[in-house]
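S.K.: Take a look at the following structure, please.
The values are calculated or read from the model by the stated rules, or taken from the named source; none is laboratory data. What you see is a predicted model, and the numbers here were worked out from it, not measured in a lab. All Cβ positions, glycine included, derive from the backbone under ideal geometry; neighbour counts span all protein chains shown.
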Amino acid sequence: MIINYGEVLDEDQLAGYRVPAAEILMEKFGGKSVAFTNKTVNLGEGHGAGIHTVAIEFESVEVAQAAYESDEYQDILGQRLASTRSGFAIVIKKRD
(Lines give C-alpha, C1' and ligand atoms only; values in the text may rest on other atoms or scores of the structure.)
Protein backbone atom coordinates (compact mmCIF):
# COMPACT_ATOMS: atom_id res chain seq x y z
CA MET A 1 0.00 0.00 0.00
CA ILE A 2 1.34 3.41 -0.93
CA ILE A 3 -0.19 6.55 0.55
CA ASN A 4 0.87 9.90 -0.87
CA TYR A 5 -0.26 13.43 -0.11
CA GLY A 6 0.95 16.80 -1.20
CA GLU A 7 0.22 19.26 1.54
CA VAL A 8 -0.38 18.94 5.26
CA LEU A 9 -3.21 21.27 6.26
CA ASP A 10 -3.35 20.36 9.95
CA GLU A 11 -0.24 18.77 11.47
CA ASP A 12 -1.94 18.13 14.84
CA GLN A 13 -4.85 16.30 13.24
CA LEU A 14 -2.48 14.25 11.07
CA ALA A 15 -0.40 13.37 14.14
CA GLY A 16 -3.60 12.14 15.81
CA TYR A 17 -4.17 9.81 12.83
CA ARG A 18 -0.66 8.33 12.69
CA VAL A 19 -0.63 6.39 15.98
CA PRO A 20 -3.95 4.56 15.55
CA ALA A 21 -3.19 4.03 11.84
CA ALA A 22 0.09 2.32 12.71
CA GLU A 23 -1.65 0.16 15.32
CA ILE A 24 -4.26 -0.95 12.80
CA LEU A 25 -2.13 -1.32 9.67
CA MET A 26 1.05 -2.63 11.28
CA GLU A 27 0.04 -4.47 14.42
CA LYS A 28 -3.41 -5.82 13.55
CA PHE A 29 -2.82 -6.52 9.85
CA GLY A 30 0.92 -7.25 9.92
CA GLY A 31 2.05 -4.39 7.69
CA LYS A 32 5.74 -3.51 7.55
CA SER A 33 6.96 0.04 6.95
CA VAL A 34 9.02 0.08 3.76
CA ALA A 35 9.39 3.86 3.33
CA PHE A 36 8.27 7.06 5.00
CA THR A 37 9.39 10.43 3.69
CA ASN A 38 8.37 14.03 3.27
CA LYS A 39 10.87 14.44 0.43
CA THR A 40 9.27 12.48 -2.41
CA VAL A 41 10.58 13.63 -5.79
CA ASN A 42 7.79 14.32 -8.28
CA LEU A 43 8.94 13.52 -11.82
CA GLY A 44 6.07 15.48 -13.34
CA GLU A 45 3.91 12.64 -14.65
CA GLY A 46 0.24 12.52 -13.77
CA HIS A 47 -1.64 14.66 -11.28
CA GLY A 48 -1.66 15.07 -7.54
CA ALA A 49 1.65 13.50 -6.56
CA GLY A 50 2.80 15.07 -3.33
CA ILE A 51 6.01 15.13 -1.33
CA HIS A 52 4.80 13.00 1.61
CA THR A 53 4.80 9.25 0.93
CA VAL A 54 4.29 6.17 3.10
CA ALA A 55 4.83 2.66 1.73
CA ILE A 56 3.63 -0.33 3.73
CA GLU A 57 4.21 -3.96 2.73
CA PHE A 58 1.53 -6.54 3.51
CA GLU A 59 1.43 -10.31 3.09
CA SER A 60 -0.87 -9.94 0.07
CA VAL A 61 -3.05 -7.52 -1.87
CA GLU A 62 -6.05 -9.04 -0.11
CA VAL A 63 -4.62 -8.29 3.34
CA ALA A 64 -3.77 -4.72 2.29
CA GLN A 65 -7.32 -4.18 1.03
CA ALA A 66 -8.79 -5.74 4.16
CA ALA A 67 -6.69 -3.40 6.31
CA TYR A 68 -7.76 -0.33 4.33
CA GLU A 69 -11.41 -1.36 4.27
CA SER A 70 -11.54 -2.44 7.93
CA ASP A 71 -14.02 -0.64 10.17
CA GLU A 72 -11.16 0.43 12.45
CA TYR A 73 -9.20 2.08 9.64
CA GLN A 74 -12.27 3.63 8.05
CA ASP A 75 -13.10 5.20 11.43
CA ILE A 76 -9.83 7.19 11.39
CA LEU A 77 -9.31 7.69 7.65
CA GLY A 78 -11.28 10.93 7.73
CA GLN A 79 -8.57 12.46 9.92
CA ARG A 80 -5.92 11.92 7.24
CA LEU A 81 -8.18 13.08 4.45
CA ALA A 82 -9.21 16.22 6.35
CA SER A 83 -5.65 17.09 7.36
CA THR A 84 -3.98 16.66 3.94
CA ARG A 85 -4.53 17.69 0.32
CA SER A 86 -3.76 16.17 -3.08
CA GLY A 87 -3.49 12.59 -1.99
CA PHE A 88 -3.97 9.05 -3.17
CA ALA A 89 -3.72 5.55 -1.78
CA ILE A 90 -2.94 2.51 -3.93
CA VAL A 91 -2.16 -1.17 -3.49
CA ILE A 92 0.45 -2.82 -5.69
CA LYS A 93 1.01 -6.58 -5.92
CA LYS A 94 4.51 -7.60 -4.98
CA ARG A 95 6.48 -9.17 -7.81
CA ASP A 96 6.72 -12.95 -7.52
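S.K.: Is it true that some residue in the stretch 47-69 is out of contact with any Leu (no Cβ under 8 Å at 6 or more places or on another chain), part of a strand (DSSP E or B), loosely packed, with under 13 Cβ neighbours inside 10 Å and hydroxyl-bearing (Ser, Thr, Tyr)?
M.R.: no
S.K.: Quick one: what pairs do we get from the stretch 18-29, first residue farther than 11 Å from residue 67 by Cα, second at pLDDT 95 or above, C-beta under 7 Å, 6+ apart or different chains?
M.R.: Filtered contacts from the stretch 18-29: 20/76.
S.K.: Pull up the stretch 76-94, narrow it to residues that are surrounded by 14 or more Cβ atoms within 10 Å (Cβ to Cβ) and of a type in the set (Gly, Ala, Ser), then point me to the one that is modelled with the lowest pLDDT.
M.R.: Residue satisfying both the conditions and the ranking: 86.
S.K.: Those residues that are over 21 Å from residue 94 (Cα atoms) and either aliphatic (A, V, I, L, M) or without any contact (Cβ under 8 Å) to a residue 12 or more places away in the chain (or both), I need them from the stretch 30-61; list them, please.
M.R.: Passing the criteria: 41, 42, 43, 44, 45, 46, 47, 49, 51.
S.K.: I need the full set of residues from the stretch 70-96 which are among the polar types (S, T, N, Q), assigned to a helix (DSSP H, G or I) and out of contact with any Gly (no Cβ under 7 Å at 6 or more places or on another chain), in order please.
M.R.: Of everything in the stretch 70-96, those that are among the polar types (S, T, N, Q), assigned to a helix (DSSP H, G or I) and out of contact with any Gly (no Cβ under 7 Å at 6 or more places or on another chain) turn out to be 74, 83.
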